[in-house]
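Here's the structure, in structure tokens; my notes come after.
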Amino acid sequence: MAYRIETKCIHGEEKVEKAHSFGAVSVPIYQTATFAHPGVGSSTGFDYSRESNPTRAELERIVSSLEGAADTVACTTGMAAIALCLELLEEGSHIVCTDDLYGGSVRLFTELGKKRGLSFSYVDTSDAALVEKSICQNTKALYIETPSNPTMKVTDLRAMKKLADQKGLLLIVDNTFLTPYFQNPLALGADLVVHSGTKFLGGHNDTLAGFLCTSRKDLAEKIRFLYKTVGCCLSPFDSFLLIRGIKTLSVRLEKQQSNALGLAKWLKQQEKVRQVYYVGLEEHPGHAVNRTQASGYGSMISFRVDSPQTAVNLLERIQLISYAESLGGTESLLTYPMLQTHGDVPIDVREKLGITDTFLRLSVGIENIEDLKQDLAQALA
Ligand SMILES: *Cc1c(COP(=O)(O)O)cnc(C)c1O
């Protein structure tokens with residue numbers, strides 16, 4: 001029997017607890033570096049924890065099941081997973097990326113990617129014609145974030161798949177913002193999905209993690225080789241925290257999304273708020289496309305206020321919501337992308353994207369929405 005997504009968050013494709021020692025319902029934390037061999041030339045299936053570990057393997061099984069992946073590797077951070085993904089590309093490759101990527105990805109691409117002989121074009125991938133124009137002789141991949149970070153542009157994944165097929169490109173999607181609960185890029189034809197597991201999947205702002213998932217067996221083999229070679233593997237304890245976090249992914253996301261929709265509508269009515277960017281609002285330019293490829297809108301809102309002073313006041317006066325980087329957890333966080341997540345993005349690029357001193361990003365948690373409104377209202381007053 002094929003399980004539905006909420007069940008998969010807890011059990012993956014099948015319930016395997018009978019395999020755990022003593023029938024433990026929660027997977028044990030196998031805090032061990034190495035595994036004794038039963039005899040010469042034989043193995044328990046685990047040899048050394050850099051390569052694989054039973055707790056981490058359980059986590060990878062569940063994420064593979066959620067994403068519909070042939071294989072998933074669990075990494076120390078989202079950036080480690082993205083860096084591993086870049087290792088799949090030959091020297092001289094050109095990559096077309098979404099223009100408002102996560103700032104850390106831009107830093108990795110410009111600083112380290114360049115050293116490896118990779119080049120990048122940043123385009124508004126919500127416009128498929130622009131993407132097609134940016135593809136050149138040595139283009140090897142499309143690297144997409146949808147909705148994008150932080151301006152919430154939506155890219156048509158089916159259109160990207162069509163281009164990727166025509167030109168023989170890898171389609172890579174950072175699925176951090178919607179998670180497999182709302183969006184399955186591999187099912188739409190992507191070759192690779194990356195995640196910051198630190199965000200919604202972990203979900204509690206208490207640890208860092210990353211995932212690289214693939215639908216292709218040939219890529220899975222290459223990734224496993226790179227993974228054990230580079231050694232960016234998630235620890236057994238952090239793997240346990242991620243397994244625990246993912247169990248409640250469906251209930252958290254439903255609550256976060258309904259809070260986000262309520263707050264987006266409320267923010268629109270506030271005198272000092274000039275513009276609200278939330279994919280769940282019908283007037284959002286990406287709303288219709290998002291509907292065709294995802295089952296939800298997530299809980300990330302960006303908004304513009306009337307002056308830099310209002311932005312600073314908000315950040316300094318909020319009491320329930322924290323002024324902090326990161327997103328996706330149970331706690332609501334307010335971010336100043338210009339100084340924080342996108343601080344390393346060149347100023348001209350940032351200004352062009354609209355990431356200015358009046359632009360804020362809100363990750364909506366699972367608190368009571370009236371308490372969140374009250375906090376924002378007193379900070380905006
Ligand atoms: C946070 C984030 C990353 C990086 O993940 P870390 O776990 O912080 O290394 C990558 N992509 C997106 C969209 C993110 O939000």
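Tabulated data for the structure shown
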| read-out | value |
| --- | --- |
| Subset of region 342-351 that is within 19 Å of Asp124 (Cα to Cα) and within 14 Å of the ligand (Cβ to nearest atom) - its residue that is surrounded by the fewest Cβ atoms within 10 Å (Cβ to Cβ) | Val345 |
| Residues within region 301-324 that are surrounded by 18 or more Cβ atoms within 10 Å (Cβ to Cβ) and within 15 Å of the ligand (Cβ to nearest atom), tallied | 2 |
| Residues of region 217-271 satisfying the condition of being surrounded by 15 or more Cβ atoms within 10 Å (Cβ to Cβ), of a type outside the set (A, V, I, L, M, F, W, C), in contact with a helix residue (DSSP H, G or I) (Cβ under 9 Å, 6 or more places away or on another chain) and farther than 26 Å from Val27 by Cα | Gln257, Ser258, Asn259, Gly262, Gln270 |
| Residues satisfying the stated conditions in region 212-252, i.e. under 12 Å from Arg56 (Cα atoms), hydroxyl-bearing (Ser, Thr, Tyr) and in a helix (DSSP H, G or I) | Ser239 |
| Region 328-361, residues that are of a type in the set (A, V, I, L, M) and touching a helix residue (DSSP H, G or I) at 6+ places or on another chain (Cβ under 7 Å) | Leu334, Met338, Val345, Leu360 |
| Pair list, Cβ under 7 Å, 6 or more apart: region 243-262 residue under 16 Å from Ser295 (Cα atoms), other residue crowded, with 18+ Cβ neighbours inside 10 Å and polar (S, T, N, Q) | Leu249/Thr179; Leu253/Thr179; Gln256/Ser299; Gln257/Ser299; Ala260/Ser299 |
| Those strands (runs of 3 or more DSSP E) lying entirely in region 105-211 with at least 2 residues crowded, with 24+ Cβ neighbours inside 10 Å and within 15 Å of the ligand (Cβ to nearest atom) | 139-145, 170-174, 192-196 |
| Extreme residue, farthest from Cys136 (Cα to Cα), among residues of region 67-104 that are β-branched (Val, Ile, Thr) and within 13 Å of the ligand (Cβ to nearest atom) | Thr76 |
| Single unsatisfied condition, Glu370 versus (1) acidic (Asp, Glu); (2) surrounded by fewer than 18 Cβ atoms within 10 Å (Cβ to Cβ); (3) more than 25 Å from Lys153 (Cβ to Cβ); (4) in contact (Cβ under 8 Å) with a residue 24 or more places away in the chain | (4) |
| Region 97-118, residues that are among the β-branched types (Val, Ile, Thr) and in contact with a Cys (Cβ under 9 Å, 6 or more places away or on another chain) | Val106 |
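Bear in mind these aren't lab numbers, they're just calculated from the coordinates by the rules spelled out. Just so it is clear, the model here is predicted, and its values are computed rather than measured. In this analysis, Cβ positions are derived from the backbone assuming ideal geometry, glycine residues included, and neighbour counts consider all displayed protein chains.
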